[in-house]
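Chemist: My questions will all concern the structure given below.
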Amino acid sequence: MSRFAFRPLAFVDAARSEHPGYAHFPEYNLDVVSAELPCGTSWLASMLLECGYPIWNPWNVDMSLEWKHHDGTAYEYFYQGDPWSRVLPGLVSGRRFDFRGDLVPRFSHATPGQWPLGPRLVLFVRDPRDALFSAWRRVQKSQADAPAFVDWVQQIDPIWQVPRAAAYLLHLATWKHYAELHNTSYLIIRFEDVKANARAEFRRLQDFLPGNLDALGEVQIERALDRSTFETVKSVEDQMLADGTFAQRVNNAGVPYEYRSHFDASMHEAIGGGGAAIYRWLQYESPVMMIGHAAFDPRPSWVNLLSPRRRQLATQALCEAVAIYGSQ
């Protein structure tokens with residue numbers, strides 16, 4: 001129980017997600033997509049925020065009540081208790097931002113076709129085994145009767161209508177093909193590479209976005225790196241837990257390739273052998289258990305909610321992703 005009466009999270013619908021909805025920021029021009037699993041994407045959101053770029057309604061959460069517009073691209077943030085600061089440490093009440101207007105990223109867990117795709121796409125990924133293992137451990141901490149990992153990863157994902165072990169890979173692969181159908185350039189940023197050398201990964205993003213991040217100086221980038229570390233996030237959350245703002249921790253120090261020391265044969269078998277080609281595309285080790293998998297329905301319910309044109313492209317991308325998932 002928090003000592004603050006935080007509002008329940010409100011989400012913007014697909015129509016409102018197409019545009020930021022904030023004065024002087026009419027359009028998004030970069031999509032940053034991740035699956036709804038612990039992947040470390042908030043690091044990139046924090047980096048861009050600290051470098052002067054707006055993070056409007058991250059992951060579809062409506063934050064319009066938390067921003068006060070001053071003039072031009074100047075905004076001030078306020079939300080008593082600062083709940084977002086344990087994810088984005090820079091979002092603290094009273095802080096004023098003079099945002100740059102040339103890069104407006106949209107962070108989401110969206111499915112392809114949910115809204116018009118911008119000109120550039122970043123896929124933020126983590127080794128599927130670690131992402132699933134981390135998500136399951138969160139379930140363990142919050143549910144006394146949490147299922148075993150081998151059972152949990154075989155439960156049907158409500159969005160993709162396939163087992164959780166496959167949903168993450170299909171999410172990424174479908175986005176890959178959807179972007180290619182739209183002639184949209186994309187960049188893959190891996191959690192493991194950020195952990196190894198965060199500055200090098202941000203430099204890759206600078207190279208991917210020529211003209212947008214060129215004006216940033218090394219001092220500003222180094223300051224952003226320092227403010228976006230896990231240690232900074234942990235320090236903020238430690239204080240929130242100590243003063244009663246929150247009762248439960250959500251951030252944990254992710255360890256790259258943790259599955260190598262935690263998975264037994266049954267856990268590898270539960271993950272299965274599907275998606276080997278997708279693992280290679282992401283430059284991860286292929287699954288240990290090279291076994292078959294059940295046939296998947298290439299038309300999950302979310303596809304039917306799209307406009308005809310987007311439905312056609314999403315269905316084509318999904319079918320290609322499913323075919324690659326089944327290949328070795």
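The values are calculated or read from the model by the stated rules, or taken from the named source; none is laboratory data. Please read all numbers here as calculations on a predicted model, not as lab measurements. Positions of Cβ are backbone-derived with ideal geometry, glycine not excepted, and every protein chain shown enters the neighbour counts. Ligands, DNA and RNA are excluded from the accessible area calculation, which covers all protein heavy atoms including side chains. Shrake-Rupley method; radii C 1.70, N 1.55, O 1.52, S 1.80 Å.
Chemist: Kindly count the pairs of lysines across the chain whose alpha carbons are less than 28 Å apart, treating pairs on different chains or eight or more residues apart as eligible.
Modeler: Number of lysine pairs found: 5.
Chemist: Could you give the accessible area per residue of the range 208-328, probe 1.4 Å, as a whole number in Å²?
Modeler: Heavy-atom SASA per residue in the range 208-328 reads 52 Å².
Chemist: Here's a follow-up. Longest exposed-loop-site-free stretch of the chain, with trypsin sites (Lys or Arg not before Pro), DSSP loop and at most 14 other Cβ within 10 Å?
Modeler: 96-248
Chemist: What's the FRET efficiency of Asn29 with Ala323 using the Cβ-Cβ distance as r and R₀ = 22 Å, to the nearest 0.05?
Modeler: 0.10
Chemist: I need the shape label for the range 39-107. Rule: rounded when a/c is under 1.5, else prolate if a/b > b/c, else oblate, with a, b, c from the alpha carbon gyration tensor.
Modeler: oblate
Chemist: Okay, moving on. Calculate, in nm to one decimal, what Asn304 and Glu269 gain on full extension: separation in residues at 0.36 nm each, minus their alpha carbon distance.
Modeler: 9.4 nm
Chemist: Another question, if that's okay. Suppose each label sits 7 Å from its Cα in the direction of the beta carbon; what would the Leu241-Glu76 distance come out to in nanometres?
Modeler: Taking the simple label geometry, Leu241 and Glu76 are separated by 3.3 nm.
Chemist: Sticking with this one: Shape call for the range 189-280 from the C-alpha gyration tensor, a ≥ b ≥ c root eigenvalues: rounded (a/c under 1.5), prolate (a/b greater than b/c) or oblate?
Modeler: Oblate.
Chemist: Ok, one more. Could you work out how much longer the chain between Ala144 and Ile159 gets when fully extended? Use 0.36 nm per residue separation minus the Cα distance between them, nm to one decimal.
Modeler: 2.9 nm
Chemist: Please identify every one of the chymotrypsin sites (Phe, Trp or Tyr not before Pro) in the range 224-293 that sits in a loop by DSSP and has no more than 15 other beta carbons within 10 Å of its own beta carbon.
Modeler: Taking the range 224-293 and a limit of 15 other Cβ atoms within 10 Å, the loop chymotrypsin sites (Phe, Trp or Tyr not before Pro) found are Tyr257.
Chemist: For the chain, taking Cα atoms only, what is the radius of gyration to one decimal and the Dmax to the nearest whole Å?
Modeler: 19.9, 59
Chemist: Compute the accessible area per residue over the range 111-165, keeping the other protein chains in place, probe 1.4 Å, unit Å².
Modeler: 39 Å²
Chemist: Does the range 45-165 come out rounded, prolate or oblate by the C-alpha gyration tensor, with a ≥ b ≥ c the root eigenvalues, rounded set by a/c under 1.5 and, if not, prolate when a/b is larger than b/c and oblate if not?
Modeler: Prolate.
Chemist: Compute a Gaussian network model of the chain, connecting alpha carbons closer than 10 Å, and tell me which residue from Gly275, Gly217, Gly81 fluctuates the most.
Modeler: Most flexible of the set in this elastic network: Gly217.
Chemist: Gain in length, Ser64 to Glu231, computed as 0.36 nm per residue apart minus the alpha-carbon separation, to one decimal in nm?
Modeler: Between Ser64 and Glu231, full extension yields 57.3 nm more.
Chemist: Further question on the same structure: Give the angle, between 0 and 90 degrees and rounded to the nearest 10, that separates the Cα long axis of helix 230-243 from the longest principal axis of the Cα atoms of the chain.
Modeler: The answer is roughly 70 degrees.
Chemist: Separate question: Please report, as a whole percent, how much of the solvent-accessible surface of the chain comes from carbon and sulfur atoms (probe radius 1.4 Å).
Modeler: Heavy-atom surface of the chain belonging to carbon and sulfur, 1.4 Å probe: 53 percent.
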